[in-house]
Amino acid sequence: MTPTTSRTVVIDQPGGPEQMHIVQVPVGEPGPGEVRIRHHAIGLNFIDVYQRSGLYPLPLPLRLGMEGAGVIEAVGEGVSHLRVGDRAAYASQPPGSYCDVRVMPAMNVCRLPDAISFEEGAAMMLKGLTAQYLLKHCKPVEGLQSGDFVLFHAAAGGVGLIACQWARALGLQLIGTAGSDAKCELARANGAAHVINYNTEDFAARVKEITGGKGVRVVYDSVGKDTWDKSLDCLAPFGLMVTFGNASGPVPPFAPAMLAAKGSLYVTRQTLFNHITSRERTQAMADDLFAAVTSGQVKIHVEQRYPLEQVQQAHRDLEARRTTGSTVLMP
């Protein structure tokens, strides 16, 4: 029977976690190119915080959430890769996954292998596809070879723990940073070749020590303002600075001439949604991710679970860096 309403998390204005509230939203039938999915688990990501706070401004009122997993209830005209009853997962625009059930574009929704749970599916799509494009598509001009050093900030977070494991499988020597000794050990246990507690060590000096003064080929940075300057100092000549998040705030403007002075460096600002602009590209990246997980090379760590009603607390804990691995909301 078609559901008439769904609990949905909405904000009417940007701000703190207290701006989020749950309302009942009508849910109808999917149109052409759409599906209706009933969630079994919903992913929590820092991009949700950016959208809630207004750092990434979007039209209001705004439904939050970019990631989820559940069962397909209805399929619109023209959708051939999904059927009613399929287990499915996605990372997708537009936002709106913080809900029981929704109608949404089918392009980025993928069938979920039986070997992967709904919680893992909800926790792995945005973060896992992010790790996939970072390690497979964001490479220095001379490429990456087995044995190369890379630096990954927030290595004990959701993207970080996936990247640590995947980098190890690719033969890379990943240097991971985190804000506590416990988080550093978690990153090491998941494949980081070296770990640095940036609250007790100068990570730039430590990177130079680890690499024998040569620096790393790539820095992957979702922290932003607090790590930017020193991250550039960690790069070898012609190295690549990949910024893909702003957990500590946006990176301030900088003079391009600085890149020449530091070794003719490259800089790129990445977002997942530029990588999944077609059904074929989304599926290829998801297949690569699913293979890494089902083969055992990558384990998805779902460390925190909150009922949908506790979404405000989930955001507070994420922003305070009280979480490790991935967090899911349970409808």
Checklist entry - Which pairs in the list Lys183/Lys208; Lys214/Lys262; Lys127/Lys299; Lys127/Lys262 are over 20 Å apart, alpha-carbon to alpha-carbon? => result Lys183/Lys208; Lys127/Lys262
Next on the checklist: Please compute the Kirkwood hydrodynamic radius over region 243-305, one decimal place, Å, based on all pairs of different Cα atoms.
Outcome noted: 15.5 Å
Checklist outcome for this item: Per-residue ellipticity at 222 nm attributable to helices in the chain (runs of n ≥ 4 DSSP H, -39500 (n - 2.57) apiece, nearest 500 deg cm²/dmol) works out to -8500 deg cm²/dmol
Checklist entry - Got a sec? Charge dipole of the chain, +1 on Cβ for Lys and Arg, -1 for Asp and Glu; which of Thr243, Gln304, Pro95 is way out at the positive end? => result Thr243
Checklist outcome for this item: For Lys225, the aspartates and glutamates lying under 19 Å Cα to Cα, once residues fewer than eight places off in the same chain are dropped, come out as Asp48, Glu201, Asp202, Asp233, Glu319
Item to check | region 11-53 shape via C-alpha gyration tensor axes, a/c threshold 1.5 | outcome: prolate
Checklist entry - Does region 269-331 come out rounded, prolate or oblate by the C-alpha gyration tensor, with a ≥ b ≥ c the root eigenvalues, rounded set by a/c under 1.5 and, if not, prolate when a/b is larger than b/c and oblate if not? => result prolate
Checklist entry - So for the pair Phe273, Ala257, with labels modelled 7 Å out along Cα→Cβ, what separation do we get in nm? => result 3.6 nm
Checklist entry - According to the square roots a ≥ b ≥ c of the eigenvalues of the Cα gyration tensor, what is the shape class of region 190-331, taking rounded for a/c under 1.5, prolate for a/b larger than b/c otherwise, and oblate for the remainder? => result prolate
Checklist outcome for this item: Between the residues Val207, Leu129, Gly78, the Cα farthest towards the positive end of the dipole of the chain, that dipole coming from +1 and -1 charges on the beta-carbon of Lys, Arg, Asp and Glu, is from Val207
Checklist outcome for this item: Counting all Cα-Cα pairs in the chain, those more than 35 Å apart amount in percent to 21 percent
Item to check | Using distinct alpha-carbon pairs, which all enter the 1/r mean, Kirkwood radius of region 139-269 in Å | outcome: 14.4 Å
Next on the checklist: Just to be sure I understand: with springs between alpha-carbon atoms less than 10 Å apart, which residue in Pro105, Pro14, Pro57 has the highest mean-square fluctuation in the Gaussian network model of the chain?
Outcome noted: Pro57
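Values quoted throughout were computed directly from the atomic coordinates according to the rules given, and no laboratory measurement underlies them. All values reported here derive from a predicted model rather than from experimental measurement. In this analysis, Cβ positions are derived from the backbone assuming ideal geometry, glycine residues included, and neighbour counts consider all displayed protein chains.
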